[in-house]
Number of protein chains: 2
Amino acid sequence: MNREEIATLFMQLQDRICNNLEAIDGKSRFIEDKWERDEGGGGRTRIIQQGGIIEKGGVAFSKVHGTVTEAMQKQLGIEGSSFFATGVSIVLHPENPHVPIIHMNVRYFELNTGVYWFGGGIDLTPHFIIDNQAKQFHEGLAAICNKYDISFYPKFKNWADDYFFIPHRNETRGIGGIFFDHLKESSTISKEQLLQFCIELGDNFSVLYQQQVAQGKNKPFNEQQVHWRNLRRGRYVEFNLVNDRGTKFGLVSGGRTESILMSLPANASWEYNYKVEPNSAEENTLNLLKKGKDWLN
Amino acid sequence: MNREEIATLFMQLQDRICNNLEAIDGKSRFIEDKWERDEGGGGRTRIIQQGGIIEKGGVAFSKVHGTVTEAMQKQLGIEGSSFFATGVSIVLHPENPHVPIIHMNVRYFELNTGVYWFGGGIDLTPHFIIDNQAKQFHEGLAAICNKYDISFYPKFKNWADDYFFIPHRNETRGIGGIFFDHLKESSTISKEQLLQFCIELGDNFSVLYQQQVAQGKNKPFNEQQVHWRNLRRGRYVEFNLVNDRGTKFGLVSGGRTESILMSLPANASWEYNYKVEPNSAEENTLNLLKKGKDWLN
């Protein structure tokens, strides 16, 4: 299984996910931008806007190769002179505040030295956290992880808590999920199985999101809840622009800005020193944005 | 003239600016949050919201002291074990798209080694750039600079072009203005004169903004122009969170988040790969967001 085959499987995954999301959305279709990178490779950025469910979202596939720059050596801590990277990444911002924001990414990275690894993650950012929906999401992720390695879910869940964290707000971005990086074959798992793990995560992404959408999409919402949604989107923007290593690396290393920033919402709000009402759903949500919460039990 | 006297003059400057801005706004008043910093010092953050002109803005005074951390040594390139810093910083987001966003900052920094410097700047971000208003703004800044040192305006104007630049968009934030840092006494200018330069900039800030406000505030605007304003606010958010060294340093060094992020607008928008209409005011604005434009001639 070589890198071209992996890229092709990721590209086909993008197709399946987009089809599933169009079915879930029920109104808008993805538009596609194909792009090429001067240094080598390119991608297919697919955007959905003003949908029945999804106000703004993107599903991006890319396959790039090039020279390992000093910035990459420093930020990624890698050795080697040339790299190959391919992956699928997704962020969806729904219109209804009762439907969560979701993010997914699976990626494969290879150096000319022969060193390779898989990375990725899925995390959920409800505007209003509902315990049993959070549990359902984490159960779904744990079930996939457990098929491959019983240590994956607890390890990758904690990794997500640490990664999807906004230090200057002392908040997690949402209820987390899983995050993993530098995943290589070992005595207990082969490269093929790791690839299969990424593909299975990708194929279950739409299933997990559909569960969340179904429980929120018919709930009515008012202006105050839209305002709260927009404030939470503001935090999402802060995380992506200040804290997300992937976004920062993409921007400084000369990635395609429109593809990188497809993760930003159609709109976001900020209000100075906003205080939630005591005993409100908003306060409950804020109180749950903590690292280390066990959502399964 | 010691550091306490400088801080007092900056605090009084904040008072005068807030009074002037309330007069310009004509509707809302500033609300004040006094805060203290565990490590020493504190500040007065003043916020104006939903005004007649200003939708969201802040005028912050701070006076802090503490230990020089490793992060500060690295980011600021300084030596010394303890520091003192005081300053006034302002960002105003008007409601009417025909009124520009404005930013100002003046600051004084001192180390226990006796080394000190002044820094600061003023820059204007029109949603729609109008040549003669841009010229008027730069003329006003040049006139103040020229009273102190004929080399200040050209030097500080170029510095602003370089500082208020968004590399991943290949755009300047707006029409620039002036930016300066590490300003110390020399054979041609005393410490007192440098302080006076900062104070005079601060006192002229409201005058310069009033000129801009007066020419835009009565212009009618439509939904499409509000959307464009919000997209430009999106760029402002990107600059502040991705590129602004002051914001980034404040956030990672444990500054007061709500005071640092008072610079963000009430709302901002993003649209994938937004294209302006040919020969529109929007296209004209984008074409002028370049470094090195001589606004005086």
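Shown in residue order for segment B:239-244 are the 3J(HN,Hα) couplings computed by the Karplus curve 6.51 cos²θ - 1.76 cosθ + 1.60 at θ = phi - 60°: 4, 5, 8, 9, 10, 5 Hz (x for Gly and Pro).
For the residue pairs A:LYS219/B:LYS219; B:LYS63/B:LYS147; B:LYS56/B:LYS293, alpha carbon separations beyond 32 Å are given by A:LYS219/B:LYS219. Only the Cβ atoms of Lys and Arg (+1) and of Asp and Glu (-1) were treated as charged; on that basis the dipole of segment B:241-297 about its Cα centre amounts to roughly 340 debye. Nearest to the axis that brings chain A onto chain B is this chain A residue, judged by its Cβ, with the distance in whole Å: A:LEU241, 2.
Over all other residues within a Cβ to Cβ distance under 10 Å of B:ASN96, the charged ones net out to +1, with Lys and Arg as +1 and Asp and Glu as -1. The amide H of B:GLY52, built 1.01 Å from its N in the peptide plane, has B:LYS27, B:SER28 as neighbours under 5 Å, considering only residues 5 or more places off or on other chains. Give, as ranges by residue number, the residues of segment B:1-31 whose backbone N falls under 17 Å from the point 7 Å along Cα→Cβ of B:ALA214. Output list for this probe position: B:20-26. With point charges of +1 on the Cβ of Lys and Arg and -1 on the Cβ of Asp and Glu, referenced to the Cα centre of chain B, which listed residue (B:GLY120, B:ASN267, B:TYR153) lies farthest in the positive direction of the dipole? My answer, from the dipole projection, is B:ASN267.
What number, in percent, do you get for the relative contact order of chain A if the mean sequence gap of Cα pairs under 8 Å and at least 6 apart is divided by its residue count? Once normalised by length, the contact order is 17 percent.
When the protein assembly as shown is described by a simple charge dipole with +1 on each Lys and Arg Cβ and -1 on each Asp and Glu Cβ, the residue from A:LEU92, B:MET11, A:HIS182 located farthest towards its positive end is A:LEU92.
In order along segment A:212-222, phi translates into HN-Hα couplings of 5, 4, 4, 7, x, 5, 9, 6, x, 9, 10 Hz, rounded to whole numbers, per the Karplus curve 6.51 cos²θ - 1.76 cosθ + 1.60 with θ = phi - 60° and x for Gly and Pro.
Compute the helix-to-body angle for A:223-238: its Cα long axis versus the longest principal axis of chain A, expressed 0 to 90° and rounded to tens. Compared with the principal axis, the helix lies near 30 degrees.
Per-residue packing, averaged as other Cβ atoms within 10 Å, sorts the ranges A:24-37, B:7-20 into the order B:7-20, A:24-37, beginning with the highest. Shortest first, B:SER82 label-point distances to identical copies amount to 5.8 nm, with the label point at 7 Å from Cα along Cα→Cβ.
Computing FRET efficiency as 1/(1 + (r/R0)^6) for B:GLU223 and A:ASP203, where r is the C-beta to C-beta distance and R0 is 45 Å, gives about 0.65.
So what's the angle, to the nearest 10 degrees on a 0 to 90 scale, between helix B:152-163 and the longest Cα principal axis of chain B? Helix B:152-163 sits at roughly 70 degrees to that axis.
Taking 8 Å as the Cα distance limit and 6 or more residues as the minimum spacing, I'd like the relative contact order of segment A:94-196 as a percentage. Answer for segment A:94-196 is 30 percent.
Here is how far apart the B:GLN211 label points are across copies: 6.2 nm, shortest first, using a point 7 Å from Cα toward Cβ. Placing +1 on the Cβ of every Lys and Arg and -1 on the Cβ of every Asp and Glu, with no other charges, gives chain B a dipole of roughly 300 debye about its Cα centre.
Look at the dipole of chain B built from charges on Cβ: of B:GLY246, B:THR67, B:ILE102, the Cα furthest out on the positive end belongs to B:ILE102.
Inter-copy label distances at A:SER190, shortest first and taken from points set 7 Å along Cα to Cβ: 8.3 nm. Per residue, the convex hull spanned by the Cα atoms of the protein assembly as shown amounts to 167 cubic angstrom. Neighbour counts of other Cβ atoms within 10 Å put A:ASP244, B:ASP123 in the fewest-to-most order A:ASP244, B:ASP123. May I ask for the angle, rounded to the nearest 10°, between helix A:3-25 and the longest principal axis of chain A, with both axes built from Cα atoms and the value confined to 0 to 90°? On a 0 to 90 degree scale, this one is about 20. Full extension of the chain between A:PHE249 and A:ASN279 gives 6.8 nm of extra length, using 0.36 nm per residue less the Cα-Cα distance.
Based on Cβ point charges of +1 for Lys and Arg and -1 for Asp and Glu, what charge dipole magnitude is obtained for the protein assembly as shown about its Cα centre, in debye rounded to the nearest 20? Can you show the working numbers first?
On the way: 66 positive and 72 negative charges, 70 e Å.
Rounded to the nearest 20 debye, it is 340 debye.
Only the coordinates and a few stated rules stand behind these numbers; no lab work does. Note that the structure is predicted; figures quoted are calculated from it, not measured. Here Cβ is always computed from backbone atoms with ideal geometry, including for glycine, and neighbour counts include all displayed protein chains.
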